[in-house]
Amino acid sequence: MNIEQIHPSRALLRGFSENDTPAFLSDSTEGYRLRIAKGLLRLCLFLGIILLAPVFFFVFHDGDYWFLAVSCSAYAAMVALHFAKSLRERTLYFGIIAVLFLLGAYLIGRFGSVSTGETWICAATMLATVFFGIRGAVMACLAQALVLGGIEAAQALGALSWSEAPLLFAMAAIDGIGLGIITGVAQYYLIGGLRRSIEARGKLASELSLREAELDRESASRHDAERRADFLESHDPLTRLPNRESFELELARALEAAAGRGRILGVMAVGLDRFKRIGETHGPDAGDAVLVEIGVRLARWFRNDDVVARSGGDVFLVLLSDVKSPEDAKDIIDKSRRAFDRSFSIGGSEIGLSASFGLALYPNDGQGAEGLIRAAEAALQLSKNDGPGSYRLYDADLHSRLIAMTLIEHELRGALSSEAFLPWYQPKVDILGRIVGAEALARWRLPGGGMRQPVDFIPAAERSGFIGDLGRIVLAKACAAAAAWGRMGLEPIPISVNLSPYQFRSDALVPDIRRILNATGLPASRLDLEITESGIMDDLPGAIEKLAELKALGCTISIDDFGTGYSSFAALRDFPVDSVKLPQSFIEPLPRDRRASTITGAVIDLAHKLCFSVVAEGVENAEQFAWLGAASCDQYQGFLFARPMPGEIFEAALAGGLGRP
Ligand code: C2E
Ligand code: CA
Ligand code: CA
C-alpha cells in the first residue's frame with residue numbers, strides 16, 4: 001500500500017515518499033492470506049497425526065481400508081501442499097480447501113450428515129474468538145468438543161454397543177477439538193489482522209495529522225520567509241520604505257490610472273544636504289538614524305495616497321498623486337521643506353538639517369515612470385549646486401545642463417594637473433576707497449582663452465572631491481602673489497582665500513597652510529581665511545577647534561556670507577573669528593527697503609559688539625556705500641570699486657590705487 005493511495009492530497013507533499021511507509025503497513029493482504037494458509041497447513045499436519053490414530057483403529061476393527069486410504073491420501077496431499085515450493089498462492093488455497101472439502105464430503109458420506117446444530121455451535125466458537133481472543137477460542141473449542149462428542153455418543157448409544165460408545169465419543173470430541181482449533185485459530189488470525197489494520201489506520205491517521213501539522217508549520221514559516229523576502233525585495237531594509245524599483249512600479253500604475261484623465265502627477269526627489277558630514281562627524285549609525293527619522297517624517301508629511309520611497313543613499317522619492325496645477329509646484333516644495341523645520345536629535349545633540357528638492361510633473365516633464373524619476377533626480381542634482389535648501393523644477397534644457405556638469409567633472413581632472421586654475425583678485429576697500437585687502441577668487445582658464453567662473457566648476461569640484469586640490473592651488477598661488485607684492489614694496493595688504501567646507505574639515509588643511517606660508521614667505525598675519533557659516537555649523541565643536549588651530553598659525557578668519565546659515569547667537573560667542581562678511585543679499589536691498597536696512601544695521605551692531613570687523617560684499621552703488629558708511633561698516637567689496645581682476649592688473653591697482661568711486 002502506498003501513502004498516496006491513503007491520502008492522495010498528500011502525495012504531492014515534499015519529503016514523504018513511499019520509502020517512508022511505516023513498517024506496519026508493509027503487510028499486504030496477499031501476504032497475510034499466505035501466512036494463514038501456511039499456518040493452517042502446519043496445523044493440519046500436526047492434527048492429522050492425531051486424527052489418523054482412530055482411523056487405524058477402524059481399519060483393524062472393521063477392516064475399513066477405504067477410510068484409511070482416503071485419510072492417508074488427504075494427509076499426503078496436505079504434506080505435498082506444505083512442502084511444494086513453486087505453487088502459486090491461488091493453487092495452494094484451492095488445494096487446501098479442496099482437500100478439506102473432499103475429506104468432509106467423504107466423511108459425511110461415510111458417517112452421515114452434520115446437523116445444523118453443529119453449525120450453530122461453530123458460530124458460537126467463532127464469536128468467542130472474536131470477543132475473547134485465543135483463550136475464548138480454546139474454551140469454546142473444548143466446549144464444542146464435549147457437546148458434539150456427547151451428542152454423537154448419546155445418539156450412537158441406541159445403535160451401538162456400550163463398548164463402542166466411548167470410542168465414538170472420543171472421535172467426535174477429537175473432531176470437535178480439531179475443527180474448533182482450525183476455525184478458532186483461523187478466526188483469531190483474521191481478527192488479529194483486522195485489529196492490526198484498524199490500529200495501523202489509527203496510527204497512520206495520527207502520523208498523518210502530525211505530518212500535516214508539521215507541514216502546516218513548515219508552510220507557515222515558508223510563507224513568512226517568502227513574505228519577508230518579498231518585502232526586502234521591494235523595500236529599503238533601513239527605512240522600511242519602498243525602494244526605487246517598487247516606487248517605479250507604483251508610479252507606472254499611477255500614470256496608467258492618470259492617463260487621459262487630465263490629472264497631474266508629481267515626482268519629487270528629496271536629497272539631504274551635507275549628509276556625508278553627519279556620518280563623518282557622528283558615525284555611520286547616526287547617519288542611519290537620521291535617514292530612518294527622515295523616512296518617518298516624510299511618510300507622515302504627505303497624504304496617504306502619496307508614496308514615499310528611498311531611492312538610495314540620502315535621496316528620497318515622493319509620488320504626489322494629485323497636483324492641482326503646475327503653479328502649485330512651489331507650494332509643494334515649501335510644504336516639503338517644512339518637514340525639516342524641526343531639528344534632529346543625534347547622539348544627544350540637536351542638529352538642523354536641510355534638503356534640496358527636484359520636482360518633475362506628469363505630463364509636462366515626461367510620460368514614463370523611469371523618465372519622470374530621472375527628471376526629478378536631474379532637477380535635484382542641479383538644485384544641489386545652488387546650495388543647501390534649494391529646489392529646481394525640471395525644465396527641458398535642464399538635462400543638457402546636467403550633461404555639461406558631468407562633462408565639467410571630467411574636464412576638472414585634466415585641468416588640475418595643468419596650470420589652468422589661478423586666482424583673480426577683488427579688492428576690499430575702506431571708507432576712503434583705499435585698498436585694504438583682496439579676496440582671491442578662483443578662475444579656470446580655458447585652452448581657447450576663455451575664463452570659466454566659479455559657479456560653473458566649484459560645485460562640481462566639491463561633488464567630485466577635487467575641491468581639496470583646487471583649493472590648495474588657489475591658496476598657494478594667492479599666497480605667492482601676496483608675498484611677491486610685499487617684496488615689491490607694495491602695500492602689505494592681507495589676502496583672503498575661500499575655504500570650502502570640505503577643505504576646512506580636512507586634516508591636511510593646517511599642515512598645508514603651514515607649508516605654503518613657509519614656502520612663499522608670506523607672514524601668516526597676512527593670510528585671511530573665509531569660511532561659510534554652514535561650513536562651521538555642521539560640526540561646531542570640531543570647527544571651533546580647527547578655527548583655533550588656524551588662529552594659532554597666526555592667520556585671521558572671516559565668516560563668509562554671514563547671516564545666511566544657521567548659527568545661533570550662543571554659537572557666535574564662541575567663534576574665534578576676526579571679521580564677518582555680509583553677503584550681497586543683505587546689501588542689495590539697501591537703503592530703500594526699511595526692514596532689510598534695519599536687519600543689516602542690527603547685524604553690523606551685533607558683530608561690532610562681538611568685536612568682529614564687518615566687510616560688506618556686493619556693494620554696487622553709491623547709496624549702498626553711503627548707507628553702509630553711516631552704519632560704520634569697516635570694509636567694502638563690490639563692483640562699485642572693482643571687479644575681480646587678474647593678478648597683474650591688481651598689482652597695478654595696488655601700486656596706483658583704484659581711484660575714488
Ligand atoms: P564669494 O566668496 O561670496 O565671493 C564673492 C562673489 O561675489 C564673487 O563671485 C565675486 O565676483 C562676486 N561679487 C563681488 N562683488 C560683487 C558685486 O558687486 N555684485 C555682484 N553681483 N557680485 C559681486 P565669484 O568670483 O563668481 O565667486 C563665486 C563664489 O565661488 C564665491 O563666493 C566663493 O564662494 C566661490 N569661490 C570662488 N573662488 C573660490 C576658491 O578659490 N575656493 C572656494 N572654495 N570657493 C571659491
Ligand atoms: Ca568669499
Ligand atoms: Ca561671500
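The values are calculated or read from the model by the stated rules, or taken from the named source; none is laboratory data. Here the structure is a predicted model, which means the values were calculated and not measured. Ideal geometry is used to build each Cβ from the backbone, glycine not excepted, and the neighbour counts take in all protein chains shown. Note: areas computed on protein heavy atoms with side chains; ligands, DNA, RNA excluded. Shrake-Rupley method; radii C 1.70, N 1.55, O 1.52, S 1.80 Å.
Some observations on this one:
- Between GLY176, GLY136, the distinction of being at pLDDT below 70 and part of a helix (DSSP H, G or I) belongs to GLY176 only.
- Listed by position, the strands (runs of 3 or more DSSP E) contained in the stretch 335-378 that have at least 3 residues being at pLDDT 90 or above, touching a helix residue (DSSP H, G or I) at 6+ places or on another chain (Cβ under 8 Å) and of a type in the set (A, V, I, L, M) are 355-362.
- Taken over the stretch 442-474, the criterion of being of a type in the set (A, V, I, L, M) and not in a helix (DSSP H, G or I) is satisfied by ALA442, LEU446, MET451.
- Filtering GLU233, GLU256, GLU280, GLU250 for residues that are in contact with a strand residue (DSSP E or B) (Cβ under 6 Å, 6 or more places away or on another chain) and not assigned by TED's automatic domain parsing to the domain that holds LYS546 leaves a single hit, GLU250.
- Pairing each residue of the stretch 294-318 that is among the hydroxyl-bearing types (Ser, Thr, Tyr) with any residue that is assigned to a helix (DSSP H, G or I) and open to solvent by 40 Å² or more (accessible area, probe 1.4 Å), provided the two are 6+ apart or on different chains, yields C-beta distances under 8 Å for SER311/ARG244; SER311/GLU377.
- ALA630, sole failed condition from (1) over 27 Å from ALA442 (Cβ atoms); (2) open to solvent by less than 60 Å² (accessible area, probe 1.4 Å); (3) aliphatic (A, V, I, L, M): (2)
- Residue satisfying all of: in the stretch 330-367; of a type in the set (D, E, K, R) and surrounded by 14 or more Cβ atoms within 10 Å (Cβ to Cβ); farthest from ILE294 (Cα to Cα) among these: ASP365
- Residue check for ILE536: touching a strand residue (DSSP E or B) at 6+ places or on another chain (Cβ under 6 Å) and either open to solvent by less than 50 Å² (accessible area, probe 1.4 Å) or within 16 Å of ligand 3 (Cβ to nearest atom) (or both): no
- Qualifying residue in the stretch 410-423 (condition: farther than 29 Å from ALA653 by Cβ and over 43 Å from the mean Cα position of the chain (by Cα)): yes
- Selection from the stretch 432-459 of residues that are within 23 Å of TRP485 (Cα to Cα), among the aliphatic types (A, V, I, L, M) and more than 16 Å from ligand 3 (Cβ to nearest atom): LEU432, ILE435, VAL436
- Any hit, the stretch 68-77, residues being open to solvent by 90 Å² or more (accessible area, probe 1.4 Å) and at pLDDT 75 or above: no
- Per the conditions (1) open to solvent by less than 80 Å² (accessible area, probe 1.4 Å); (2) at pLDDT below 50, the sole criterion not satisfied by ARG14 is (1).
- Test: residue in the stretch 611-621 that is assigned by TED's automatic domain parsing to the domain that holds LEU432, more than 13 Å from ligand 1 (Cβ to nearest atom) and exposed (fewer than 15 other Cβ atoms within 10 Å of the Cβ): yes
- Condition check for THR556: open to solvent by 20 Å² or more (accessible area, probe 1.4 Å), in contact with a strand residue (DSSP E or B) (Cβ under 9 Å, 6 or more places away or on another chain) and within 16 Å of ligand 1 (Cβ to nearest atom): yes
- For GLN584, the test of being open to solvent by 60 Å² or more (accessible area, probe 1.4 Å) and within 14 Å of ligand 2 (Cβ to nearest atom) is passed.
- Counting the residues of the stretch 525-561 that are under 19 Å from LEU441 (Cα atoms) and more than 16 Å from ligand 2 (Cβ to nearest atom) gives 1.
- Test for LEU590: is it at pLDDT 95 or above and either open to solvent by less than 10 Å² (accessible area, probe 1.4 Å) or away from ligand 2 (no atom under 14 Å from the Cβ) (or both): no
- Out of LYS477, LYS428, one residue alone is basic (Lys, Arg), assigned by TED's automatic domain parsing to the domain that holds GLY521, part of a strand (DSSP E or B) and more than 9 Å from ligand 1 (Cβ to nearest atom). It is LYS428.
- Unmet criterion (only one of (1) more than 13 Å from ligand 1 (Cβ to nearest atom); (2) more than 49 Å from the chain's Cα centre (by Cα); (3) among the aliphatic types (A, V, I, L, M)) for LEU446: (2)
- If you go through the stretch 388-445 and keep only what is basic (Lys, Arg) and within 16 Å of ligand 2 (Cβ to nearest atom), you end up with LYS428, ARG443.
- Between ALA607, ALA630, ALA616, the distinction of being at pLDDT 95 or above and either basic (Lys, Arg) or farther than 11 Å from VAL429 by Cβ (or both) belongs to ALA630 only.
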